Amino acid sequence: MSMRGGPGGRGAYLTEEEKAAAPKVTKELLARVASYLLPYWKQMLIVLIAIAVASVLGMMPAVLTGKIIDDGLIGRNLDLLVKLILASLAVSFGSNLIGVLQSWMNTWIAEHITYDMRSQMFRHLQKMPQSFFTSNNQGDIITRMTSDISGVQRIITDTLTSILSNVITLIVALAAMYRRNWILATLGVMIVPLFTIPTRSAGKKRWSLTRESQAVSDEINGILNETLSVSGQTLVKLFNREEREAEKYEAAARKQIALNIKENMAGRWFRVVISTFTTIGPMLIYLVGGILMMKYNSDITVGDITVMVSLLSRMYGPVNSLLNIQVDWIRSMAMFTRIFEYLDMPVSIESAPDAVTPDHVEGNIVFDDVHFSYEPSREILKGINFELKAGSSIALVGPSGSGKSTIINLIPRLYDVDSGSVSFDGIDVRKLDLTFLREQVGIVSQETYLFNGTIMENLKYANPKATGQMIMEACKKANIYDFIVNQEKGFNTMVGNRGLKLSGGEKQRLSIARVLLKDPTILIFDEATSALDSISENLIQEAIDPLIKEKTSILIAHRLSTILAADEILVIKDGMIVEHGKHSELVKAGGVYTELYETQFKKALES
Ligand code: ATP
């Protein structure tokens, strides 16, 4: 018997943290939970009726046993005996049949509610600002999407139906018992709660062991996650940590051995206690029933006593689970609260209600006194002013961490400015339709994100309608076509986890091709700082140079050749534009640019 049932797959006892964090159950919360159930009220009504009918029918064979014994066996009436047996079988079959219908309907409802919640959550999460993803743990986000919502599903399939069927079973059993004999029935009512005492204390012990072993499995999962990932293994290999990691893993796994054995044995003792107690109950009924029959000449029959015993054992389960309902209830409310917490997080970046979609696009970008900070205490951009005219190009240069990537993040509204404005064709980006705005901007970032799929799938991500001809042209322009067709599987080559099967240069060229398929008005190129070999670099340069001439573009440049391709250079330092102009002027000015030129660009040129 598992003690890990109930929502969330945890024990039947609330932990101290759970008790402390138990949510306040308000009318609003309940109404909100109900709003997810309401669309399925018809199906729920069917389930309700099915549960009631199945519980009543389920008790019938036990009641019929009395008649089988008294009227059939003791009364020596074979005809009646056969009829009663057949009736018993039919009733039991009928109740099981209804049970099937009920669990099908139940699962159907739970699946639909889960689906509704998950899609609502997924859509909501996709609208969350970038800062949400940088500051929240990815594991936590996924837990809410998966386990919390499946916890809700369990509440509907298990908790709700078990409350209902248990209450009905109990009422029917009690009514049947009292109709037979009130003394034995009262005895039964007194015995049943006694059964639940050992269950509860043994369960508690087991639950604390389960928690300990869960903590160890979390630790093991952590080790596995860290060491068996691509980047983890690279680190392990490069620092010769294999032996140390194996020792760490084995130490944790050894802890688990001891705990698991203890946990299993706790379960074993628990069963001994339970079965002893469950035999005491029937024995008591036999004893008291016998005394009533023999000493007090009561009209109680052997059949009555048998029915009592069988009803008693049927009451044990429902009583036990009804005693645990409070735990399930608190836990499910906590789960709903966690889900609602995410759904209530404000979507700070979305299209304004009166957002505009211009029908004529040029591609002028203006930054007007832009201030921006990721965290309130630290201003990253301190008054940025510049204009990018349609058809021209700008190179952003500056020391690492000066705010170059931050500037470009503001254009497609990955973040919003704190003050000042960024405008596109004279309209503040916050007033533009967000889909429209993001269609206009194409970014080739340093972190070229490719998902685990084929080259073709990654390319089509930008434009699902792209034709073969378009794809071929884009790849040729991005200087990646020859590489692709030389692969054994061509466009069907898998790129691996996050594109790790490709080199840095190949990834970047592939992502240039992807942006070309998107065909944006503004092209943003965040040049990789990491050194690429000169062949790779030349291939990228050849791809990017004509594009810069063709498109309105912003380049975050680390190499002189890229800088020279731009019409204007902005030098960023500490979140401000400290110099701007052309290479020939800046290099002679003796400022930040001259220094960068001497220390970085020139060297790169010589190497
Ligand atoms: P590099 O050339 O090294 O890429 P950069 O000039 O592009 O640097 P940004 O990425 O714009 O620099 O970062 C500017 C500053 O903002 C850095 O000091 C960085 O630590 C900080 N920063 C960047 N992203 C975040 C974030 N999501 N949350 C908080 N701070 C951030």
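Given the chain, what percent of its DSSP beta bridges are antiparallel, to the nearest 5? Don't skip to the end; give the middle numbers.
Numbers: 20 of 38 bridges.
Approximately 55 percent, going by the DSSP bridge assignments.
Please calculate how many Å² of accessible area the chain carries per residue, with a 1.4 Å probe and no DNA, RNA or ligand atoms counted. That works out to 53 Å² for each residue.
Could you pull out the pairs from K551/K602; K477/K507; K476/K551; K551/K588 whose alpha carbons sit more than 19 Å apart here?
Working: K551/K602 27 Å; K477/K507 15 Å; K476/K551 17 Å; K551/K588 29 Å.
Long pairs (Cα-Cα over 19 Å): K551/K602; K551/K588.
Relative to the longest principal axis of the Cα atoms of the chain, the long axis of helix 27-37 makes an angle of roughly 90 degrees. Straight-line cross-link reach from K24 at under 20 Å between alpha-carbon atoms covers these aspartates and glutamates, not counting any fewer than eight positions away in the same chain: E16, D148, D328, E341, D344. Taking Cα atoms only, the orientation of helix 242-295 departs from the longest principal axis of the chain by about 20 degrees.
Comparing W182, T159, N320 along the charge dipole axis of the chain, the residue lying farthest to the positive side is W182, per the Cβ-charge model.
Given 0.36 nm per residue, what is the gain on full extension from M190 to N260 after removing their alpha carbon distance, in nm? Walk me through the numbers on the way to the answer.
On the way: separation 70, 0.36 × 70 = 25.20 nm, distance 3.62 nm.
Going from the current span to full extension adds 21.6 nm.
Taking a virtual spin label 7 Å from the Cα of K549 along the C-beta vector, which residues in region 556-583 bring their backbone nitrogen under 15 Å of it? Counting only backbone N, you get 562, 564-567.
The long axis of helix 41-67 is offset from the longest Cα principal axis of the chain by roughly 30 degrees.
Semi-axes of region 26-121's equivalent ellipsoid from the Cα gyration tensor, sqrt of 5 times each eigenvalue, largest first, rounded to whole Å?
Working: eigenvalues 378, 33, 12 Å².
Values for region 26-121, descending: 43, 13, 8 Å.
In terms of the mean number of neighbouring beta-carbon atoms within 10 Å, the peptides 56-68, 342-354, 38-50 order highest first as 56-68, 38-50, 342-354.
Rolling a 1.4 Å probe over the protein heavy atoms of the chain, with every protein chain left in place, gives an accessible area that is 59 percent carbon and sulfur. Dividing the Cα radius of gyration of the chain by 2.2 N^0.38 Å, with N the residue count, gives 1.42. Considering only A110, L97, A334, whose Cα is most displaced toward the positive end of the charge dipole of the chain, charges sitting on Cβ of Lys, Arg (+1) and Asp, Glu (-1)? Towards the positive end, the residue furthest out is L97. Using only the Cα atoms of region 256-407, build the gyration tensor, take square roots of its eigenvalues as a ≥ b ≥ c, and label the shape rounded, prolate or oblate: rounded if a/c is under 1.5, else prolate if a/b is larger than b/c, else oblate. The shape class here is prolate. Extending 7 Å from the Cα toward the beta-carbon at both E247 and H112 defines two label points whose distance is 5.9 nm. Express in nm, to one decimal, how much length is gained between S534 and F436 on full extension, taking 0.36 nm for each residue of separation and deducting their alpha carbon distance. Full extension of this stretch gives 31.5 nm more.
The values are calculated or read from the model by the stated rules, or taken from the named source; none is laboratory data. Note that the structure is a prediction, hence the values are computed from the model and not measured. As a convention, Cβ positions derive from the backbone with ideal geometry for all residues, glycine included, and neighbour counts pool all protein chains shown. Accessible surface is based on the protein model in full, side chains and every heavy atom, while ligands, DNA and RNA are left aside. Shrake-Rupley method; radii C 1.70, N 1.55, O 1.52, S 1.80 Å.
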